[in-house]
Amino acid sequence: MTHPDSTSLSSGKRFFLILFTLFSLTLIAYGNTLLSPFNYDDESVIRNEIASTGHRFFQLNPPQYRHLFYLSLALNHSWGQLNPLGYHLFNIALHFLTATTVFWIVFLTVGRGAAFNKKTAFSIAGIAVFLFLLNPVHSETVTYISGRASGLGAMFYLLSLLLFILGSLRKTGPEWLRPVYYLLSICAFGCAVFSKEIAVTLPAILILYDLFFIKGPRWSSLKSRFFFFYLPILAFAVFFILHSPSLLSVIQKWLPRFDLNYAASQLPVIAYAVKLFFFPANLTFDYDFSERFFAQGTVLIFATVLFLVLIYGVLQTAPKTLRLFSFSLLWFLITISPTNSFLPRQDLLSERNLYLPSIGLIVIAAALIHSVFFSEAGKTRLHFLGIAFLGIVFTANAALLMQRNSVYQSNIDLWEDTLVKSPGKLRALHNLSHFYLEEKNYQKAFVPLKKLAASHASPFYLSFAHNNLGNIYTQWESFAEAEKEFRKAIQTDPTIPTGHFNLASLYASHRRFREAKAEYDKAEERYTIYLWGYPKPAELAFNRAKVNVELNLFGEAEKDILHYIEKEPGSGEGRLLLAQIYSATGREELAMQTYQSVQGHSHLMAKAHNDMGILLIKGEKFAEAMAEFTQALLLNPNSLDAHFNMGTLLLRTGGDTAKASLHLQAALTLSRDAGRRESIQRQLGALKADEPG
């Protein structure tokens, strides 16, 4: 949008130049993230929650926790399913829109609120927006898809503030437009609340903005703001709290956790956050603050010195800058307070939580840079020095940002980087080993898993470590070791079903079907009783159905496989097993219909045709059975069963013995079972004995 009084921008040309530059830099700086995969929570949030139940967020009533954030993911999923490209484009576009909003807020605040001239306001706003756009600290918010909650919340937060400013200025159009601006500001505030809960700090920011900047004839009266904005936003906030069960439950959950001692311990962490903004080195996805960090206090000393330098710089410029500095500092402290103050959190610092607070530091930095290099008219040499300084800062930030973004191009790169910078972070060991396992790099996964299993991690992490070690031993065919690890996983945290599931699968692979069934039943029970964070896999019902078939428990097997097919209606394996159950229980017609519905891999369909051939032999429909075996071999020329059944049927029906011999020879070559090979060899021997002469 353009402001009607922005004539100094040469009819908006300079603004559109800024806009074009912002757009270009955004694409350049974040272009290397477009093909990045889902990271960390993206997997569970998008692949599990959004993919299965995301449609519920299209209904806006009743509002749910972070409703708009999840709605945006659901929209992405409806457009591009599980292709990360669309999700990344959305985040990048959001960052660009947020940067544009930052420019207008700073421009109007410096020019109208702090009473600088328009040239100065444009200069400070321009410096601020590029510092915001290119800061490497913001990489996590933009590149990590689930970081969108911070980005979306910040965009609506800033939009609400901008609309409040426009509504409070006198020269923003006809008088009737003022309530419209205020109403839109309140709506944007509501959107911010349902994007991320940090938005609850916005009323405090608006009141401070009113006290610091809305003074003089350029602004509307307090009475106008009181009736058209403050009263409605209060009513709106009360309505939201009372009519949003999820928001109310969050408030009730967190209020009793207020801890003043914890707030005092956060000072070094906040100081470290300030350091990251001005010196963005050693950025990591998962910070680990050791006891040594809190004991040293080095970062706190650094931040104090930096703060004193900033105050000195402000005092050397102008009182107007002091007002801007004070508000910006309060902005930083207030907006960071939901995550780094009185409420204890497991993660002491996350870069995505600095996205909105950093604007306060950005405005301070931009105002000081302008005061040092560009406030003195006619000092060309100083101006050139300032341009060179900004060039170095922007170039360094852009290079660091692109380097930081590149870490997100692989989950393994991301967690290897995290483990190097936070070697004591057990979550990094857990996640790195998980992604090694996904790539079947068992040797690399084994090392962090052994470290994790030997650590003092929570039962959750320890249980998964033992489970994954068991899976590795299974791949290495060290089955006794695998069983030990699965049992350790169960002992460590009996509520987690994964250990029972894995142990059952191990037993089933060794034909210990009764033990396998018992473990699958325990896994089912734990998925039902405990809400431990992951949905029940459909494979549980499928695997248990196979075990029940082996135990001739066809009734239970049928229930399991029907449940599986309900979850996975396109599963050819599920339909094949269901047909086999129908066949085993004498329902041949139903079995034939189900076999005919099997779709999927050619080997799977070949198995279905082979089984149909066996059913047809039972009905003495030998020609039709022959056709089914022929179709099976067309689909899978290496089908041992089809070759054997074809050869046997040819002999039974007095067919071509040479052809029967060829099929039996092929079956013998493919067979690895000693008993079956012996049976085939006897048939071949009988054929030779029957040959004339």
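A few points about this structure:
- In this entry, Glu519 passes the filter for residues that are assigned to a helix (DSSP H, G or I) and in contact with a His (Cβ under 7 Å, 6 or more places away or on another chain).
Matching residues to (1) assigned to a helix (DSSP H, G or I); (2) among the aromatic types (Phe, Trp, Tyr); (3) at pLDDT 90 or above; (4) not assigned by TED's automatic domain parsing to the domain that holds Gln266:
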| site | (1), (2), (3), (4) |
| --- | --- |
| Leu324 | yes, no, no, no |
| Phe327 | yes, yes, yes, no |
| Asn340 | no, no, no, no |
| Leu343 | no, no, no, no |
| Ala366 | yes, no, yes, no |
| Gly386 | yes, no, no, no |
| Leu400 | yes, no, yes, no |
| Asp413 | yes, no, yes, yes |
| Glu416 | yes, no, yes, yes |
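- Test: residue in the range 598-616 that is assigned by TED's automatic domain parsing to the domain that holds Ile561 and free of Cβ contacts under 8 Å to residues at least 24 places away in the same chain: yes
- Qualifying residue in the range 151-170 (condition: among the charged types (D, E, K, R) and assigned to a helix (DSSP H, G or I)): no
- Among (1) without any contact (Cβ under 8 Å) to a residue 12 or more places away in the chain; (2) assigned by TED's automatic domain parsing to the domain that holds Arg323; (3) in a helix (DSSP H, G or I), the one test that Leu17 misses: (2)
- Checking the stated criteria, Glu351 turns out to be acidic (Asp, Glu) and touching a residue at least 24 places away in the same chain (Cβ under 8 Å).
- Among the criteria (1) surrounded by fewer than 21 Cβ atoms within 10 Å (Cβ to Cβ); (2) over 23 Å from the mean Cα position of the chain (by Cα), the one Ile490 does not fulfil is (1).
- Residue, modelled with the lowest pLDDT, within the range 147-201, restricted to residues that are among the polar types (S, T, N, Q) and closer than 21 Å to Trp331 by Cβ: Ser168
- Look at (1) modelled with pLDDT under 90; (2) among the basic types (Lys, Arg); (3) in the same structural domain as Ala606 (by TED's automatic domain parsing) and you find that Lys621 fails only one, number (1).
- Pairing residues of the range 48-77 that are at pLDDT below 85 with residues that are of a type in the set (Gly, Ala, Ser), at Cβ distances under 6 Å and at least 6 apart in sequence or on separate chains, gives Gly54/Ala74; Pro63/Ser244; Gln64/Ser246; Tyr65/Ser246.
- When the range 264-292 is filtered for residues that are in contact (Cβ under 8 Å) with a residue 12 or more places away in the chain and basic (Lys, Arg), only Lys275 remains.
The rows are residues; the columns are (1) assigned by TED's automatic domain parsing to the domain that holds His609; (2) touching a Lys or Arg at 6+ places or on another chain (Cβ under 9 Å); (3) over 19 Å from His603 (Cα atoms).
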| residue | (1), (2), (3) |
| --- | --- |
| Leu640 | no, yes, no |
| Leu662 | no, no, yes |
| Leu670 | no, no, no |
| Gln681 | no, no, yes |
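- Residue list for the range 414-431, restricted to those being buried (at least 19 other Cβ atoms within 10 Å of the Cβ) and free of Cβ contacts under 8 Å to residues at least 60 places away in the same chain: Leu419, Leu426, Leu429, His430
- Of the residues examined, Arg672 is not one that is over 49 Å from the mean Cα position of the chain (by Cα), within 27 Å of Phe542 (Cβ to Cβ), surrounded by fewer than 22 Cβ atoms within 10 Å (Cβ to Cβ) and not polar (S, T, N, Q).
- Test: residue in the range 534-550 that is in the same structural domain as Ser505 (by TED's automatic domain parsing), hydroxyl-bearing (Ser, Thr, Tyr) and touching a residue at least 40 places away in the same chain (Cβ under 8 Å): yes
- Considering only residues in the range 638-651 that are of a type outside the set (A, V, I, L, M, F, W, C) and surrounded by 13 or more Cβ atoms within 10 Å (Cβ to Cβ), the one that is nearest to Leu615 (Cα to Cα) turns out to be Asn645.
- Hits in the range 447-495 - residues which are small (Gly, Ala, Ser) and part of a helix (DSSP H, G or I): Ala453, Ser463, Ala465, Gly470, Ala480, Ala482, Ala489
The values are calculated or read from the model by the stated rules, or taken from the named source; none is laboratory data. These numbers come from a predicted model, not from an experiment. In this analysis, Cβ positions are derived from the backbone assuming ideal geometry, glycine residues included, and neighbour counts consider all displayed protein chains.
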